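A short worksheet on the structure shown next.
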Amino acid sequence: MTQINDRVQEQPIEQKKSVPRLRFAPSPTGFQHIGGFRTALFSWLYARHTGGQFILRVEDTDTTRTVEGAVDDLLKGMTWFGMDIDEGPIVGGPYGPYYQTQRKALYQQYAYQLIESGHAYPCYCTPERLDAMRKMQETRKLPPRYDRHCRFLTKEQRAANEAAGATWVVRFAIPLDGETIVHDELHGDMVFKNTNLDDMVVLKSNGLAPYHLAHLVDDHEMAITHILRGEDWIPSAPLHVQIYNALGWNIPLLYHLPNILGKDKKKLSKRRNAPSWSDFQREGFLPEAVINFIALLGWSYDDKTEMFTQAELIEAFSLKRVGIASGIYDPEKLTWMNGVYIRNLSLDELTQRTLPYLERPEAAGGLPDSIQRPLDPIYTKQVLALEQERLKTLSDATKAHFFFEHELIYDAPMLIQKGIDATRTHDALVQAHNGLATLEQWERSVMETAMDELGKTLGLKRGQFFGALRVAVSGSNATPPLFPMMEVLGRDVSMKRIEQAIAKLG
RNA sequence: GGCGCAUUCGUCUAGCGGCCUAGGACGCCGCCCUCUCAAGGCGGAGACCACGGGUUCGAAUCCCGUAUGCGCUACCA
């Protein structure tokens with residue numbers, strides 16, 4: 001019980017410099033949504049901005065809710081976003097272990113210390129009694145709080161409970177009067193009446209500490225200097241202040257970040273209205289775009305700048321410019337921003353990053369399975385050169401499937417443009433085919449000159465003539481410019497498709 | 001119910017007493033460009049700064065109420 005890990009005992013007190021140390025401390029109860037990653041991002045940005053350290057700690061004290069694979073998913077997400085971790089699971093560090101379930105003894109030590117100093121007490125109440133108590137409070141419209149039944153037990157009564165082998169927890173003894181001031185760097189001083197505070201459990205009957213004690217002990221032991229967390233923690237902050245005081249510890253700087261809400265104006269929730277990082281990845285969002293976007297959810301640089309590379313974010317980020325009002329997550333702007341990032345990609349990079357999206361199985365969002373993999377990177381690059389400015393996400397590239405398909409599927413009427421009939425369309429395509437066949441080079445400007453000429457002699461508007469050719473060659477009404485497209489498609493494919501179109505009309 | 005936090009265009013936000021008849025961005029609408037779709041350029045609609053009182057020569061900005069929204073109210077985080 002009193003065997004505390006050595007490394008915990010002799011904490012490396014003297015830092016080289018007193019540099020900010022920030023942590024991200026999620027509980028592995030499912031995937032992290034952008035709200036969680038936003039908290040992580042701000043901490044990470046501040047650490048990088050100041051040359052401080054960024055620590056990842058897994059708050060897995062609620063073993064009943066721990067989800068298999070959650071830590072793994074989290075780590076993958078952090079990597080995807082490019083947030084590197086200085087200390088934490090896998091990378092380790094001088095303040096480990098970084099799983100709370102492995103720090104059990106520490107919490108127990110401090111819980112007992114609190115009992116000895118009179119700041120906490122053992123509570124033998126059964127869940128049934130607590131339940132009944134709450135029900136009664138509810139019917140009598142009283143605030144549901146622990147009634148402090150065990151707080152004033154005599155020594156004899158305690159001994160009797162022990163002798164009876166009653167299971168017990170440790171509760172923190174909140175001062176019976178006065179008030180607690182929580183100083184938050186963003187919100188200023190927040191004052192709470194102690195009579196509104198509850199004697200919360202700080203050590204569970206299974207020997208593990210709930211969040212309130214565990215995070216606090218770890219933040220202290222890990223020499224955390226800044227705590228960034230969601231504003232939903234504000235109500236329990238006075239309890240934390242009380243525990244800090246009882247232990248005689250300095251309180252790290254507190255930053256309660258505004259929540260990110262869903263369209264329903266409710267807090268983003270893993271199971272209701274929030275996408276995971278892997279959803280973004282699967283849909284073809286670039287991590288740098290998502291980072292840029294979520295950085296702007298609750299933080300701003302000035303009144304106009306909003307595109308930031310990662311390096312620029314680190315340079316520009318300031319905790320002082322973090323807002324305090326909750327904001328709604330609106331994916332439309334993210335989509336726009338992602339498009340901007342895609343347009344800024346070099347062609348080679350775009351190709352390299354898009355290929356996996358095209359090549360994944362059709363069911364997973366890729367090109368039709370009838371198209372053979374792997375794709376030719378050279379050809380794909382030519383296609384993407386034409387599609388780049390049309391993409392909002394990388395997975396959008398599949399809309400250029402006609403560049404890859406063997407057989408085009410569309411109905412003949414699609415070929416017929418406004419103001420002309422089937423016969424003239426048929427004739428125009430035949431003429432175009434003949435004209436194109438005589439061309440020495442299969443090159444966009446050569447084709448355009450020839451077809452412009454032909455269109456005029458046929459008495460067709462560009463829209464009519466080119467429109468028919470567009471559908472013939474692609475089976476689609478929305479494509480890149482006709483001749484560059486035909487150039488990429490190549491002579492054989494283009495000519496064959498025009499022939500097929502003619503056949504459809506004949 | 002109790003306690004707490006918040007409140008500027010539909011959305012993200014700038015604003016920290018006079019520069020605001022409130023600026024930017026997304027989205028929306030229109031025009032231009034144009035072989036379609038985009039991209040781009042230009043322009044427009046869109047916020048009585050939640051409401052009501054103060055303080056002040058002067059308030060989106062400070063103070064107090066009210067309303068609304070959200071959060072917390074577990075041996076969850």
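The residues of the stretch A:89-112 that are within 14 Å of A:PRO28 (Cα to Cα) and within 23 Å of the chain's Cα centre (by Cα), listed by number, are A:PRO89, A:TYR98, A:TYR99.
The set of residues in the stretch A:111-142 that are closer than 22 Å to A:ASN161 by Cα, more than 10 Å from RNA strand B (Cβ to nearest atom) and among the hydroxyl-bearing types (Ser, Thr, Tyr) comprises A:TYR112, A:SER117, A:TYR121. Among the residues of the stretch A:298-327, just one is in contact with a His (Cβ under 9 Å, 6 or more places away or on another chain) and free of Cβ contacts under 8 Å to residues at least 60 places away in the same chain, namely A:ALA316. Might you let me know whether the stretch A:335-344 holds any residue that is more than 29 Å from A:SER300 (Cα to Cα) and buried (at least 18 other Cβ atoms within 10 Å of the Cβ)? Scanning the stretch A:335-344, I find no residue that is more than 29 Å from A:SER300 (Cα to Cα) and buried (at least 18 other Cβ atoms within 10 Å of the Cβ), so the answer is no.
Just one of the listed residues (A:PHE285, A:PHE280) is away from RNA strand B (no atom under 12 Å from the Cβ), in a loop (DSSP other than H, G, I, E, B) and either farther than 19 Å from A:ARG57 by Cα or more than 16 Å from the chain's Cα centre (by Cα) (or both), and it is A:PHE285.
Taking residues in the stretch A:328-345 that are touching a residue at least 60 places away in the same chain (Cβ under 8 Å), and partners anywhere that are surrounded by 19 or more Cβ atoms within 10 Å (Cβ to Cβ) and part of a helix (DSSP H, G or I), the pairs with Cβ atoms closer than 7 Å and at least 6 places apart or on different chains are A:TYR329/A:ILE34. Residue pairs whose Cβ atoms lie under 7 Å apart, separated by 6 or more positions or on different chains, with the first residue in the stretch A:352-374 and among the polar types (S, T, N, Q) and the second buried (at least 16 other Cβ atoms within 10 Å of the Cβ), are A:THR354/A:LEU384; A:THR354/A:LEU394; A:THR354/A:ALA397. Would you check which residues across the stretch A:342-372 are among the aliphatic types (A, V, I, L, M) and under 19 Å from A:ARG282 (Cβ atoms) and list them? Residues satisfying the conditions are A:ILE342, A:LEU345, A:LEU350, A:LEU355, A:LEU358, A:ALA363, A:ALA364, A:LEU367. Screening A:LEU384 against (1) away from RNA strand B (no atom under 16 Å from the Cβ); (2) part of a helix (DSSP H, G or I); (3) more than 25 Å from the chain's Cα centre (by Cα) leaves a single unmet condition, (1). From the list A:ARG145, A:ARG65, the lone residue that is within 15 Å of RNA strand B (Cβ to nearest atom), at pLDDT below 95 and in contact with a Ser or Thr (Cβ under 6 Å, 6 or more places away or on another chain) is A:ARG65. Of all residues in the stretch A:192-238, those that are more than 7 Å from RNA strand B (Cβ to nearest atom), among the β-branched types (Val, Ile, Thr) and more than 17 Å from A:SER43 (Cβ to Cβ) total 3. Going by the structure shown, is A:GLY467 crowded, with 20+ Cβ neighbours inside 10 Å and in contact (Cβ under 8 Å) with a residue 12 or more places away in the chain? Spelling it out, A:GLY467 is indeed crowded, with 20+ Cβ neighbours inside 10 Å and in contact (Cβ under 8 Å) with a residue 12 or more places away in the chain. Is the stretch A:152-162 home to any residue that is small (Gly, Ala, Ser) and in contact with a helix residue (DSSP H, G or I) (Cβ under 6 Å, 6 or more places away or on another chain)? There is no residue in the stretch A:152-162 that is small (Gly, Ala, Ser) and in contact with a helix residue (DSSP H, G or I) (Cβ under 6 Å, 6 or more places away or on another chain). Mind checking whether some residue in the stretch A:92-108 is free of Cβ contacts under 8 Å to residues at least 60 places away in the same chain, within 21 Å of A:ASP218 (Cβ to Cβ), aromatic (Phe, Trp, Tyr) and not in a strand (DSSP E or B)? Taking every residue of the stretch A:92-108 in turn, at least one turns out to be free of Cβ contacts under 8 Å to residues at least 60 places away in the same chain, within 21 Å of A:ASP218 (Cβ to Cβ), aromatic (Phe, Trp, Tyr) and not in a strand (DSSP E or B).
Across the stretch A:316-327, the qualifying residues are those that are surrounded by 13 or more Cβ atoms within 10 Å (Cβ to Cβ) and not small (Gly, Ala, Ser), and the one among them that is farthest from A:ALA47 (Cα to Cα) is A:ILE324. Here A:PRO413 meets the list (1) assigned to a loop (DSSP other than H, G, I, E, B); (2) surrounded by fewer than 19 Cβ atoms within 10 Å (Cβ to Cβ) almost entirely, failing just condition (1). Select from the stretch A:469-492 the residues that are within 12 Å of A:HIS433 (Cα to Cα) and not charged (D, E, K, R) and write down the one among them that is farthest from RNA strand B (Cβ to nearest atom). Per the stated criteria, the residue is A:ALA472. The condition of being within 14 Å of the chain's Cα centre (by Cα) and under 20 Å from A:PHE81 (Cβ atoms) holds for only one of A:ILE294, A:ILE314, A:ILE342, that being A:ILE294. Scan the stretch A:288-304 and tell me whether some residue there is within 10 Å of RNA strand B (Cβ to nearest atom), closer than 25 Å to A:PHE404 by Cα and surrounded by 13 or more Cβ atoms within 10 Å (Cβ to Cβ). No, the conditions are met nowhere in the stretch A:288-304.
Which residues, counting only those in the stretch A:115-133, are in a loop (DSSP other than H, G, I, E, B) and exposed (fewer than 15 other Cβ atoms within 10 Å of the Cβ)? Those that are in a loop (DSSP other than H, G, I, E, B) and exposed (fewer than 15 other Cβ atoms within 10 Å of the Cβ): A:SER117, A:GLY118, A:THR126.
Quick check: is even one residue across the stretch A:363-376 more than 22 Å from A:ARG38 (Cα to Cα), at pLDDT 95 or above and outside any loop (DSSP other than H, G, I, E, B)? So far as the stretch A:363-376 goes, yes, one or more of its residues are more than 22 Å from A:ARG38 (Cα to Cα), at pLDDT 95 or above and outside any loop (DSSP other than H, G, I, E, B).
Scan the stretch A:242-261 for residues that are in a helix (DSSP H, G or I) and either surrounded by 18 or more Cβ atoms within 10 Å (Cβ to Cβ) or within 10 Å of RNA strand B (Cβ to nearest atom) (or both) and jot them down. Of everything in the stretch A:242-261, those that are in a helix (DSSP H, G or I) and either surrounded by 18 or more Cβ atoms within 10 Å (Cβ to Cβ) or within 10 Å of RNA strand B (Cβ to nearest atom) (or both) turn out to be A:GLN242, A:ILE243, A:ALA246.
The values are calculated or read from the model by the stated rules, or taken from the named source; none is laboratory data. What you are looking at is a predicted structure, and each value in this text was computed from that prediction instead of being measured. Positions of Cβ are generated from backbone atoms using ideal geometry, with glycine treated the same way; all protein chains shown enter the neighbour counts.
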